[in-house]
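Heads up: the structure comes next, in structure tokens.
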Amino acid sequence: MWKDCRLFPLRRGLVWGIAVSALSLSSLAQTTSPPPPEPEVVTVSARALPISSVSASVTLVTREEIENSRAQTVEELLRTTPFLHVSRVGSRGGLSSITIRGGDPNFTLIMIDGVPVNDPTNLLGGAYDLSSLSLDNLERIEIVRGPLSSVYGSEAIGGVINLISRQGEGRPSFSVTGLLGNFSAWQAGVTASGEMRSLSYAVSASRLDLGEQVENDSHSLGTISWNSRLRLKGDQDLRFSFRLNDRDSSGFPENGGGPEFSILRDPKTVDAREIILGFEYRNRKSRAWQFRAAMDYYGRDENAFTPAILDSLPPGPRTLPSFSAETRLDRLRLRFSNSWNLPAGWAADLAVSVRQEDGESQGLIADFLPSDFFLERSSLLVSGELRCEIGDLHLNLGAGLDKSEGFESDFSPRLGVSYLIAESGARVRASWGEGYKLPSFFALGEPNIGNPDLKAERSRGFDVGIEQELGTSRVLLGLNYFHNTFLDLIDFSPQQFRLVHRTRSTTRGVEFEAGARLSEGLRLKGSLTYVDAEIEGTTEPLRDRPRWRGEAGIEWRPGQRGHLSFQTQWVGPRFDFQLPVADRDQVGGYSHSSLAAGYRFRREVELFGRIDNLFDRRYHEFIGFPDPGIFARIGLRYRFGL
């Protein structure tokens, strides 16, 4: 594969990017500036934990990184986040999916403030489309790689991504933002945050619009977000979060060959709205006991039309008819948890959650064949974790027991260890766990290809890694090895013309990360991921799974007012198929670079901008879907206090 001459720049770029981030470390190790405060992680357990004590493989995207990226959507931001593969079909606004360690996109649980947002009514088997998410009001993003069904039950079979909203603080403030770019792009937004006595709040609203980028494509996204906290008497508080996403997009349909090979030129259209609501009550009864009660709701409405996809003229046997569907999902969840700090360095958590899901779809195939279903599912999940801290050794043992209506009970254990080698400052982590995913409503109920006898898909995975900090946290080196096995995968059988269990896949690989803070205002970083994925019983590779992927970046802050960052990404070749292109099954590797900058003229006024595909490369993420080219925008933000 690497003998292809087109890949020589890609391979050299990967080596160069990682080398730049890892060189000059010996001189930096002599510095003695104090390390920054250690961040906490809330996604791995029922309570917030210092990242040094977490045995799972975790990546944090901080508020500073979100701000400095100058990105407008979660998809743009996560593209250059280490150890993730984000792909987009066609132009901005097209279907954007994410894979972790070679798993399917629907193996990653996406949450907003702890509320699951995967939709089991869609054709994607419950995968979440990242094009529906803006970066409005986000404080940080926590990414956990590996099975976590012991905490979250179904869907957390390969990893979890939790988007956490900002908490208001300080004096009330208000800001207005405007942005303009090519492709007739514009964005307008307002934010307000602050504290008033015992109430803190952070509110935002925005609208992003993009015109035609290649052909017959457009995208608009409206967002309203609210996050607040009310402190009560004693050590108690109430928390409330709300988010509304309203998306309207059009573009060439997936698998149709894109602008370059599609025989029909009609666009696919998607009009979707989703609401995320969360309420939580916290009460720290004592220093040894904390109680939480939470209720959340997720609702999604979608109206989508996919035109017919022809494989040839005249149409051949692989032609797909048009498909239109109106889908609706309602999910209500109640969760109660207790956390205890026990003697001798022990701690325990116990949580119980009840979930009710109702999903329906009213669809038509080729404008006459009905594709309707209505399903509901109730689930009870009991999860617990026991942790022990003995000096520099952290151990945790967790398990989840899920009973979902119509399915056998699922037991998901997890074991993890984290150990700090005091002499060298290196931290060794290892974890093992099992996960499961219930079949989607579409897979169970679609009357033409659905199969009501499907059972849960399962996974077993482990990873082991080491992190080394040098120079009081000025240099970070990390290396992980992982191995995952996915069982009872759901696949389409042409012989039976329905979905069945028939495949098993294995993914294994290595993740390497390096970062260096050359000075207070200059930082380098880089990462490299290798994934080997295979399906049992066939030589056909998994679709859209690059073996190699890497990132490198440099951030420069010349003083307190300015910021400049450059990031580049390299992605290796991937297997792909498009119906009108029978003679091609691979899309070549590519590189993608972005430049972001911001400058604050006064405390109130900030000018910023971002350029994606900086070098205007004509690359393809899927066969026939070229990147639209350079996407540049410039914006202005005005802040003032109340």
If you bin every alpha carbon distance in the range 476-567 into 5 Å steps from zero, what whole percent lands in each bin? 3, 11, 15, 14, 12, 10, 9, 8, 7, 5, 4, 2, 1, 0
How many percent of Cα pairs in the range 544-583 exceed 13 Å? 69 percent
Between the residues Ser250, Ser200, Ile611, the Cα farthest towards the positive end of the dipole of the chain, that dipole coming from +1 and -1 charges on the beta-carbon of Lys, Arg, Asp and Glu, is from Ser200
Carbon and sulfur atoms account, in whole percent of the 1.4 Å probe accessible area of the range 470-615, for 55 percent
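Before anything else, pin down the relative contact order of the chain: Cα pairs under 8 Å, at least 6 apart, normalised by residue count, whole percent.
Dividing the mean separation by the residue count of the chain yields 14 percent.
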Which value, in debye to the nearest 20, describes the size of the charge dipole of the chain about its Cα centre when Lys and Arg Cβ atoms bear +1, Asp and Glu Cβ atoms bear -1, and nothing else is charged? 2160 debye
For the full complex of protein chains and a 1.4 angstrom probe, list Glu540, Glu520 by accessible area with the highest value first. Glu520, Glu540
The chain: projected area of the alpha-carbon convex hull, averaged over directions, in nm²: 27.7 nm²
With no solvent and one equal point scatterer per Cα, compute the Debye intensity ratio I(q)/I(0) for the range 147-186 at 0.15, 0.18 Å⁻¹ and report its log10, rounded to two decimals. -0.73, -0.72
With unit charges on the beta carbons (Lys and Arg positive, Asp and Glu negative) and the dipole taken about the Cα centre of the range 380-462, which residue among Val382, Ser418, Pro439 sits farthest to the positive side? Ser418
What percent of all Cα-Cα pairs in the range 258-308 falls in each 10 Å bin, counting up from 0? 18, 23, 18, 15, 12, 10, 4
Ranking request for peptides 196-208, 476-488, 67-79: highest mean number of other beta-carbon atoms within 10 Å first, then the rest in descending order. 67-79, 476-488, 196-208
With the calculation restricted to Cα positions, what are the radius of gyration and Dmax of the range 517-642 in angstrom? 19.9, 65
Quick one: with all protein chains in place, what share of the accessible area of the range 345-464 is carbon or sulfur, to the nearest percent (1.4 Å probe)? 63 percent
So what's the projected area for the range 142-225, the Cα convex hull averaged over all directions, in nm²? 8.9 nm²
Would you kindly find the accessible area of Ser383, with a 1.4 Å probe and non-protein molecules such as ligands, DNA and RNA excluded, rounding to the nearest 10 Å²? 10 Å²
Counting residues in the range 180-223 as N, plug N into 2.2 N^0.38 Å and put the Cα Rg over that result. 1.71
Trypsin sites (Lys or Arg not before Pro) restricted to the range 240-284 and DSSP loop, no more than 11 other C-beta within 10 Å: Arg265
Using a 1.4 Å probe on the protein heavy atoms, what percent of the accessible area of the range 123-166 belongs to carbon and sulfur? 55 percent
Counting every Cα pair in the range 205-327, what percent are over 21 Å apart? 59 percent
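Given just the C-alpha atoms of the range 287-411, how large is their convex hull per residue in cubic angstrom?
That works out to 182 Å³ per residue.
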If you take the alpha carbon radius of gyration of the range 255-352 and divide it by 2.2 N^0.38 Å, what ratio comes out, to two decimals? 2.00
By the mean-Cβ-within-10 Å protection proxy, highest first, 451-458, 143-150 rank as 143-150, 451-458
Surface/4 estimate of mean projected area, convex hull on alpha-carbon atoms of the range 360-475, nm²: 11.5 nm²
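Going by average Cβ density within 10 Å per residue, which order do the peptides 249-261, 227-239 take, highest to lowest?
Numbers: 249-261: 23.2, 227-239: 15.0.
For the peptides 249-261, 227-239, the packing ranking is 249-261, 227-239.
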If you look at just the Cα atoms of the range 54-165, how large are its Rg and its Dmax in Å? 13.1, 38
Given a 1.4 Å probe, how much area per residue of the chain is accessible, in Å²? 43 Å²
Kirkwood Rh in Å, taken over all unlike Cα pairs in the range 503-550: 13.0 Å
Using the Cα atoms of the range 575-617, I'd like the radius of gyration and the largest Cα-Cα distance, Dmax, both in angstrom. 19.4, 58
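The values are calculated or read from the model by the stated rules, or taken from the named source; none is laboratory data. Remember, predicted model here, so these are calculated numbers, not experimental data. Heads up, the Cβs are rebuilt from the backbone with ideal geometry, glycines too, and the neighbour counts pull from every protein chain shown. For accessibility, only protein heavy atoms count, side chains too; no ligands or nucleic acids. Shrake-Rupley method; radii C 1.70, N 1.55, O 1.52, S 1.80 Å.
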